[in-house]
Amino acid sequence: MSTIEPIVLPPACQKHPNEHYILNMYRGDLEHPSAPGNKWHKLQYHLKQARKQQASTIATFGGPFSNHLHAFGATLKTLPFHAIAVVRGELQPQLTPTLTDLAKDGVELWPSLRADYRLGMDSNIVRQINQCHDNVYWIPEGGGGELGAMGCRDWANDIHALGGDYDAWVVSSGTGTTAAGLLSNIKVPDLHVFSALKGEPAQRKLILDFAYELAVEASVSKEELDKALYFHSDCHEGGFAKQSSELISFMREFAILNSERPLDPVYTCKSMFAVLKAMEEGSWPYHRTLFIHTGGLQGWRGYSKATNPFT
Ligand SMILES: Cc1ncc(COP(=O)(O)O)c(C=O)c1O
């Protein structure tokens, strides 16, 4: 559990006389220093399952700057499992800062050619690892899957416990696992999900179906979930991990007003940009909004220092 802090809004967001916006941020980035934001929560049920299966090794997948891999290494280093990361792309002469941390945390790194990586559990590399190691528990890319989403369903309880009576929550999405977990929790108000990926409008249905599967115990209807879910697929600013010049200018201005509340370069910066734009236009339909910071600040190490206005 972390804290909730107010975001200082630019005057342009408060220019519509009928709207007085309150935007607060749940500081997920301050939770679990080694596995901030959604990461720790996405790992919890996977770790339980690995223990249950008496796995001796846990393996997962990710890119060379992956927040998930980073959190995986930092979490596993204190646990009695051997850790393996399948890393997307050819082995580069120099490890990225993220992979350097993983190596220091004792994670065995297996570079994987993109074509093979795309095959996931059917890839040659997975076959090879399963041959080299007994009893491997595999965590999907990004810490996803049903167990990852269940951790985020629990996370919603922690966030809700801090109170605030919000009209809407905002969260960023990649695979949609976090959004599905949050939506499945009956305590969540309207949920606005902003995708960091280009061309993912179909993800809304996946999130809805997934949330419904997870929510059945709480006897929530699919119609209720459907009404509460707002999925935005047009705020990717050029694509995954890309930054438009407008986004870079926005972050500079945001950082002047909110220097103590850094956004990450891939996910939360895009969601925050989209929400503040809607407020500026007067089209954001809520008075009290909670923005959930999903972490990812370590990802700034993949960008030039000049683009990070939060240092
Ligand atoms: C900082 C950050 N925010 C949001 C997300 C998106 O999470 P999900 O893949 O569960 O949609 C990720 C990816 O795990 C992330 O690293």
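The values are calculated or read from the model by the stated rules, or taken from the named source; none is laboratory data. Since this is a predicted model, take the numbers as computed values, not measurements. All Cβ positions, glycine included, derive from the backbone under ideal geometry; neighbour counts span all protein chains shown.
Yes/no matrix, rows are residues, columns are (1) part of a strand (DSSP E or B); (2) modelled with pLDDT under 95; (3) among the hydroxyl-bearing types (Ser, Thr, Tyr); (4) more than 16 Å from the ligand (Cβ to nearest atom):
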| position | (1), (2), (3), (4) |
| --- | --- |
| Gly106 | no, no, no, yes |
| Pro111 | yes, no, no, yes |
| Cys152 | no, no, no, no |
| Gly163 | no, yes, no, yes |
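Name every residue in the stretch 255-287 that is more than 19 Å from Trp169 (Cβ to Cβ) and assigned to a helix (DSSP H, G or I), in order of residue number.
Ala255, Ile256, Leu257, Glu280, Glu281
Taking Leu290 and the conditions (1) surrounded by 22 or more Cβ atoms within 10 Å (Cβ to Cβ); (2) under 20 Å from Thr175 (Cβ atoms); (3) among the aliphatic types (A, V, I, L, M), which numbered condition does it fall short on, given that it satisfies the others?
All conditions are met except number (2).
What single numbered condition from (1) under 22 Å from the mean Cα position of the chain (by Cα); (2) away from the ligand (no atom under 16 Å from the Cβ) fails to hold for Ala115?
(1)
With Pro93, Pro36, Pro80 as the choices, which residue is outside any helix (DSSP H, G or I), at pLDDT 95 or above, more than 16 Å from the ligand (Cβ to nearest atom) and not hydroxyl-bearing (Ser, Thr, Tyr)?
Step by step, each of Pro93, Pro36, Pro80 is checked, and only Pro80 is outside any helix (DSSP H, G or I), at pLDDT 95 or above, more than 16 Å from the ligand (Cβ to nearest atom) and not hydroxyl-bearing (Ser, Thr, Tyr).
For the structure I just gave you, tell me whether Pro309 is modelled with pLDDT of 95 or more and touching an Asp or Glu at 6+ places or on another chain (Cβ under 8 Å).
no
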